[in-house]
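For reference, the structure is listed below as structure tokens.
The values are calculated or read from the model by the stated rules, or taken from the named source; none is laboratory data. Source: prediction; values computed, not measured. A quick note on method: Cβ atoms are made from the backbone with ideal geometry, for glycine too, and the neighbour counts reach across all protein chains shown. For accessibility, only protein heavy atoms count, side chains too; no ligands or nucleic acids. Shrake-Rupley method; radii C 1.70, N 1.55, O 1.52, S 1.80 Å.
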Amino acid sequence: MALHFSKYLKQKMGYLGMINLRSWSCCFYQKQPYLSRRFESFKADKQLGSLHNGGDPQVMNFPGGIVKFTPELKFLSDTPEERIHCYRVLDDSGQPVSSNFVQIDKDIAVKMYKDMVTLQTMDTIFYDAQRQGRISFYVTAIGEEAINIGSAAALGMDDLVFPQYREAGVLLWRGFTLQDFANQCFGNKGDNGKGRQMPAHYGSNKHNYITIASTVATQIPHAVGAAYSLKMDGREACTITYFGDGGTSTGDFHAGLNFAAVMEAPVILFCRNNGWAISTPVSDQFRSDGIVVRGQAYGVRSIRVDGNDALAVFTAVHVARKMAISECRPVLIEALTYRAGHHSTSDDSSKYRPIEEIEWWRATQDPVARFRKWLEGQGWWTTPSEIELRDHARREVLHAIQVAETVEKPSLKEIFTDVYDVPPSNLCDQEKSLRKTVERHPQDYPHFLF
Amino acid sequence: MAAMLRSVGVASASFPLADHSNKLSTFSVCSLPVIRSERSPISDPIRGTRMTGKVITKAVAAQAENAASAASKPGHELLLFEALREGLEEEMDRDPRVCVMGEDVGHYGGSYKVTKGLADKYGDLRVLDTPIAENSFTGMAVGAAMTGLRPIVEGMNMGFLLLAFNQISDNCGMLHYTSGGQFTIPTVIRGPGGVGRQLGAEHSQRLESYFQSIPGIQMVACSTPYNAKGLMKAAIRSENPVVLFEHVLLYNLKERIPDEEYVLSLEEAEMVRPGEHVTILTYSRMRYHVMQAAKTLVNKGYDPEVIDIRSLKPFDLYTIGNSVKKTHRVIIVEECMRTGGIGASLTAAINENFHDYLDAPIVCLSSQDVPTPYAGTLEEWTVVQPAQIVAAVEQICQ
């Protein structure tokens, strides 16, 4: 598998020529009504001739394809001798150990770093704000900054993002401001979600980032459906969906992968294998060699990358995207990393894992520090810049929180809007009833406005 | 069957569509062919003797008195599943974003032939065969809808959509709201449900009672070829997610529907038979049991007003209210289970809004709170039969 991938890396643009002619490629899409666009495979009933093996007793044309017989009674092993290798570009000290990666120029690299630091700062301060009671809930992406920013930087703005909840960095990269993040967490009038969702459940159609729902892995079939929509439109774009190791146990993961393969949908399925699903370690979640091996089970191309290596993540997503769009196929990426923070503000992970383990990962495997070392090695970053950036980020985040706290909450009528396109009569009645109650007892509703 | 439909008053195509009262003025009881409502057996060549009062799924040829007039009437005759297909096809022609996904909808043409021929016409992408994972292809539809397509999800049987409950409730119904109106989900979720003929408990589900609480979705139930096509088109054009309930036993109903295009309102009830003595509210297959009972009641001197509520969420309280104000007595006849069914919600809604107009407590006739048994005689009596409706009317009109 690594060999296969490196072939792509060697000719960065070359793989565009590798369109799989057997599958329906969106490059050949024509917008002609009523034209029967049938998959070649559905002409099977006309291929009766191939039912016979040509007299070869070694093979059989079973439904699904030709299979060779074997006299050996051999079971496929449940565990491989070695785990699938993990693609990485930078070592722990930020030194490149691979020549097979997509080069990025200084502007992109510096923006990546700045956004990683901003994400880290935002997470730290918002987490503390929750602890102080200023917001009700928060999820951090501590330890997964490289996954967030590395993948975001490799995508285009037309690519639709279907996140789980630990991918705020993707939205940050796309231009969501710190004020926007704060407004959503405080659920105030500035929130484009109109105060409807929990903190950290961002969404922005402007940035092609679909609103987060708390349900686990439901976004995977959504991403496949949206990819199917892009394919029907013949667009030069793909969808990407993120999920954790825990999410791969759900039914939606299974069916989503299967559908994506069968429909040949241009979707990147990005698994953040951070070792923990709240308190469930991966050893209790599955017994396979992580997620990457599951790709082959569904007929989906897959790769394992070092999730703490921003350049590796960037390269993998960049190449996967090209594959997904040009060949109209799904690609599965498993990024190995560690959830250095708690699951959320409702969790204290020291209860189920040793503090030393958490601290080791934070101290020695920090993806932000690793990328900085590489940047400094390139001559693109200095210590004074670091101090200035951290200071600036911190001030900006604090300011955003202060402003968000003072902005008033959405009006009570927003309880009833957007349930349907137009509020039906029963909701209008309920709103009237609520209005009357508020007017009758204003002392009980001092902060509620209509 | 055609005769029964004719009596329902929707058969003639020559009237302007919006004016339902016009249609009904041609209706008169005397022109009804006589159908005995006592239980004289009808012999069925396939299953042997069966009781009357059942909806005959095979369309019966039109009677002699109608044959002559049929030739002169405009419009065209078709079966309910064909009407659904016609509506679907017209919308797919009109809007290239409309697509269908479900199990066996493509080459096979759908388990009930609603999508027959569409894959040949529109290609495999617009009529998509999916693997067996209802939660996931419903999720796919949600994702596709958010990105600009207008997918129609077909559940092979409504009962299978219980597997899609998570996607329907938590995502389909919610995402427009939780995103602050940024993402719309214009999907249609449809499929056959209801108690069929010995299909077994798992294939006889009535999901309208389970789905009715979900905020953000609309629910409609079709019962005739005319309203099936109209509601299908309206559901596709709606920006909200709509669940369209069809009934397994109604797919072969034949009716003459207009040639010209029409779209019905998703929130309106249908006046089937105006009357004075009692309001009978019903939907889907029970409409036919009610009309069967209506014939008996008319012979006994009663004048029931029959309304097919069609819109299960939200209720058309305007039409219903006007009827209650006129008759002061309400009977609800539904196929849902007694507990937590559509009838239960409707009873509450009418009591709340029209309490002063009622002369008697609302009577709700529903199915028994049991899984549907397989044996024919047992299955028959888990749903409401016309005899029970007649008895209820006699009781309430005392």
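Using the beta-carbon distance between A:Ile355 and A:Glu236 and R0 = 45 Å, what value does 1/(1 + (r/R0)^6) give for FRET efficiency, to the nearest 0.05?
0.40
On the protein heavy atoms, probe 1.4 angstrom, tell me the percent of accessible surface of chain A carried by carbon and sulfur.
That share works out to 55 percent.
With both bridge residues required to lie in chain A, what share of the DSSP beta bridges run antiparallel, to the nearest 5%?
Around 25 percent of the beta bridges assigned by DSSP in chain A are antiparallel ones.
Would you grab the residues whose amide H sits under 5 Å from the one on B:Thr279? Only those 5+ places off in sequence or on another chain, please, with H modelled 1.01 Å from N.
B:Glu305, B:Arg329, B:Val330, B:Ile331
Ranked by accessible surface with a 1.4 Å probe, highest first, in what order do A:Phe270, A:Phe101 come?
A:Phe101, A:Phe270
Simple spin-label model, 7 Å along Cα-to-Cβ: A:Met157 to A:Phe286 in nm?
3.5 nm
Would you check the accessible area of A:Val419, probe 1.4 Å, heavy atoms only, in square angstrom rounded to 10?
We get 20 Å² for A:Val419.
Which aspartates and glutamates, on any chain, are close to B:Lys326 with Cα under 19 Å apart, when same-chain ones fewer than 8 places away are left out?
Filter leaves B:Glu268, B:Glu270, B:Glu276, B:Asp303, B:Glu305, B:Asp308, B:Asp316, B:Glu352, B:Asp356, B:Asp359, B:Glu394.
What ranking do B:210-217, A:352-359, B:303-310 get when scored by the average of other Cβ atoms within 10 Å per residue, highest first?
Per-residue Cβ counts within 10 Å, averaged per peptide and sorted highest first, yield B:303-310, B:210-217, A:352-359.
Charges at C-beta only: +1 for Lys and Arg, -1 for Asp and Glu. How large is the resulting dipole of the range B:261-388 about its Cα centre, in Debye rounded to 20?
About 280 debye.
What is the angle, in °, between the Cα long axis of helix A:219-233 and the longest principal axis of the Cα atoms in chain A? Nearest 10 is fine, range 0 to 90.
70 degrees
For the range B:159-271, what class follows from the C-alpha gyration tensor (a ≥ b ≥ c being the square roots of its eigenvalues): rounded when a/c is under 1.5, otherwise prolate if a/b is larger than b/c, else oblate?
Judged from the Cα gyration tensor, the range B:159-271 comes out oblate (a/c at least 1.5, b/c at or above a/b).
Can you give the charge dipole size of the range B:101-217 about its Cα centre, rounded to the nearest 20 debye, using +1 on the beta carbon of Lys and Arg and -1 on the beta carbon of Asp and Glu?
340 debye
Between A:Leu412 and A:Asp348, what FRET efficiency follows from the Cβ-Cβ distance if R0 is 41 Å, with the result rounded to 0.05?
Taking R0 as 41 Å, the efficiency between A:Leu412 and A:Asp348 is 0.70.
Can you send over the solvent-accessible area of B:Lys326, 1.4 Å probe, protein chains only, in Å² to the nearest 10?
80 Å²
Need the per-residue list for the range B:176-222: every residue with at least 50 Å² less accessible surface in the complex of protein chains than in the chain by itself, probe 1.4 Å, sorted by number.
B:His176, B:Tyr177, B:Thr178, B:Gly180, B:Gln182, B:Phe183
What shape does the range B:121-191 take by its C-alpha gyration tensor, where a ≥ b ≥ c are the square roots of the eigenvalues and a/c under 1.5 counts as rounded, a/b above b/c as prolate, and the rest as oblate?
The shape class here is oblate.
With a 1.4 Å probe and all protein chains left in place, how much accessible area per residue does the range A:167-312 have, in Å²?
Averaged over the residues of the range A:167-312, the accessible area is 25 Å².
How large is the dipole of the range A:106-406 about the Cα centre if only Lys and Arg carry +1 and Asp and Glu carry -1, each at its Cβ, rounded to the nearest 20 debye?
360 debye
Rank these residues by their accessible area, most exposed first, probe 1.4 Å: A:Asp233, A:Asp418.
A:Asp233, A:Asp418
Chains A and B: buried accessible surface, both sides, probe 1.4 Å, rounded to 100 Å²?
The A and B chains share an interface burying roughly 4100 Å².
Enter the Cα centre distance for the pair the range B:115-171 and the range A:356-386, rounded to the nearest angstrom.
46 Å
Provide the FRET efficiency to the nearest 0.05 for the A:Lys206-A:His399 pair, computing r from the beta carbons and using R0 = 22 Å.
Computed FRET efficiency for A:Lys206 and A:His399 comes out at 0.45.
Taking the Cα-to-Cβ direction at B:Glu202 and at A:Glu82 and moving 7 Å from each Cα, how far apart do the two end points lie in nm?
4.6 nm
Rounded to the nearest 10 degrees, what's the angle between the helix A:355-364 long axis and the longest principal axis of chain A, both from Cα atoms, 0 to 90?
Taking the Cα atoms of chain A, the angle to A:355-364 is about 80 degrees.
Just to confirm the number: angle between the C-alpha axis of helix A:106-131 and the first principal axis of chain A, 0 to 90 degrees, nearest 10?
50 degrees
Among A:Ala226, A:Thr211, A:Gly379, flag the residue with its Cα farthest along the positive direction of the charge dipole of chain A, charges on Cβ as +1 for Lys/Arg and -1 for Asp/Glu.
The residue sitting farthest along the positive end of the dipole is A:Ala226.
Largest first, how would A:Asp289, A:Asp128 line up by accessible area (1.4 Å probe)?
Descending order: A:Asp128, A:Asp289.
At 1.4 Å probe size, with no ligands or nucleic acids counted, give the accessible surface of B:Trp381 in Å², nearest ten.
100 Å²
For A:Lys231, list the aspartates and glutamates whose Cα falls under 15 Å from its own Cα; do not include residues on the same chain fewer than 8 positions away.
A:Asp158, A:Asp159, A:Glu264, A:Glu327, B:Asp124
What's the longest uninterrupted piece of chain A once you rule out the trypsin sites (Lys or Arg not before Pro) that are loop residues per DSSP with at most 11 other Cβ within 10 Å?
A:75-286
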